[in-house]
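Working notes for the structure below.
The values are calculated or read from the model by the stated rules, or taken from the named source; none is laboratory data. Bear in mind that the values here come from a model prediction, so they are computed numbers and not experimental data. With ideal geometry, Cβ positions are generated from the backbone for all residues, glycine too; neighbour counts draw on all protein chains shown.
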Amino acid sequence: MRKAAFVTTPLGDRATEAGGTVVELVVPVYNEAPILERQVRRLHGALTGLLPFTWHITIADNGSSDGTGAVADRLAADLRDVTALGLAAKGRGRALRAAWMESRATVVAYTDVDLSTDVAALYPLLASVLSGHADIAVGSRLLPGSQTTRGVKRELISRAYNRLLHLTLGTGFRDAQCGFKAVHAEVAHALVPEVDDDGWFFDTELLVRAERHGLRVVELPVRWVDDPDSRVDILRTAQDDLRGVARLLRELGPRRPTAPLTLGAARSRREHAEAA
């Protein structure tokens, strides 16, 4: 059964019945019909042998026109731990916003459908958040220990972009846009409404705002192999990113912190207990 955007699903009920820690892993997709079934089945099989707690995959189709939605529906019907979410408009940020804001999981995460990031890195990513070590854990292709295979052009653009973020906005993270992130759900529910962007800049804005609120953003090295069939328009994405950086600079200033984020009552009680 396909979910309508912003409609609560049975995921939380299943999690309560199972009595386990739950992760909802979102796979945002746009016109990926040729590879979607292969990649989701590959991901599903990997998670089955990798994660020792309850998990769920949500395929978030944002405005596809090539039959991606039908493939997502078929996978949701065939695989017990997979749900399809259909959105009318494009935008990776829009897809993540819709899925994360309605999630009842303890941790929400996402990975790109090309699975360029080695799925084996998902466990330490999630463990960082579940253990309380991080509010947001992100895969980084630019850390010592990361293994990255991609062309010189994309490598230089990525490094230049992240250097720009550091110089203009005073960011501490090294890799803003690796499609491999996990967020404590209470943090996501409080932070995502502040994020204005619905496209590729969503990731950067999420991390910038998280740092300004004093949240714990932890980066982990990953093994990452460039997808030669990537649908990303590098030039347009770069232009959108620069506009996003300029907007945040006007709104937030270069390094000025913002007020602490107001989290849910459960998170507040847990942090109070940890402090005691």
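Numbers below:
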{"read-out": "Sole exception among (1) assigned to a helix (DSSP H, G or I); (2) at pLDDT below 95; (3) within 20 Å of the chain's Cα centre (by Cα) for Glu17, by number", "value": "(3)"}
{"read-out": "Arg174 vs. criteria farther than 19 Å from Arg243 by Cα, of a type in the set (D, E, K, R), outside any helix (DSSP H, G or I) and more than 15 Å from the chain's Cα centre (by Cα)", "value": "yes"}
{"read-out": "Residue under evaluation Gln239, criteria (1) polar (S, T, N, Q); (2) over 28 Å from Tyr123 (Cα atoms); (3) surrounded by 15 or more Cβ atoms within 10 Å (Cβ to Cβ), criterion not met", "value": "(3)"}
{"read-out": "Which listed residue is within 21 Å of Arg223 (Cβ to Cβ) and of a type outside the set (A, V, I, L, M), from Arg163, Arg154", "value": "Arg154"}
{"read-out": "Among residues of segment 187-203, those that are surrounded by 21 or more Cβ atoms within 10 Å (Cβ to Cβ), within 20 Å of Leu130 (Cβ to Cβ), of a type outside the set (Val, Ile, Thr) and in contact with a Leu (Cβ under 7 Å, 6 or more places away or on another chain), counted", "value": "1"}
{"read-out": "Pairs, first closer than 15 Å to Gln177 by Cβ in segment 138-161, second of a type in the set (Val, Ile, Thr), C-beta under 6 Å, six or more apart", "value": "Gly139/Thr117; Gly139/Val222; Arg141/Thr148; Ser146/Val222"}
{"read-out": "Matching residues in segment 119-169 - criterion: being closer than 21 Å to Val187 by Cα and in a helix (DSSP H, G or I)", "value": "Leu122, Tyr123, Pro124, Leu125, Leu126, Ala127, Ser128, Val129, Leu130"}
{"read-out": "Of all residues making up segment 169-205, the number that are over 15 Å from Leu125 (Cβ atoms), in contact with a strand residue (DSSP E or B) (Cβ under 9 Å, 6 or more places away or on another chain) and hydrophobic (A, V, I, L, M, F, W, C)", "value": "3"}
{"read-out": "Residue list for segment 194-239, restricted to those being more than 18 Å from the chain's Cα centre (by Cα) and modelled with pLDDT of 90 or more", "value": "Arg212, His213, Gly214"}
{"read-out": "Selection count, segment 119-133, where residues are farther than 24 Å from Thr68 by Cβ and touching a residue at least 60 places away in the same chain (Cβ under 8 Å)", "value": "10"}
{"read-out": "Filter result (in contact with a strand residue (DSSP E or B) (Cβ under 9 Å, 6 or more places away or on another chain) and either among the small types (Gly, Ala, Ser) or surrounded by fewer than 20 Cβ atoms within 10 Å (Cβ to Cβ) (or both)) within segment 120-141", "value": "Ala120, Ala121, Pro124, Ala127, Ser128, Leu130, Gly132, His133, Ala134, Ala137, Gly139, Ser140"}
{"read-out": "Sole residue being closer than 21 Å to Val29 by Cα, surrounded by fewer than 20 Cβ atoms within 10 Å (Cβ to Cβ), in contact (Cβ under 8 Å) with a residue 24 or more places away in the chain and not aromatic (Phe, Trp, Tyr), chosen from Ala99, Ala105, Ala95, Ala89", "value": "Ala89"}
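One line per residue, one yes/no per condition, for (1) on the phi > 0 side of the Ramachandran plot; (2) in a helix (DSSP H, G or I); (3) touching a Ser or Thr at 6+ places or on another chain (Cβ under 7 Å); (4) not charged (D, E, K, R):
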site	(1), (2), (3), (4)
Ala190	no, yes, yes, yes
Asp197	no, no, no, no
Trp200	no, no, yes, yes
Arg209	no, yes, no, no
Asp227	no, no, yes, no
Arg236	no, yes, no, no
Leu249	no, yes, yes, yes
Arg256	no, no, no, no
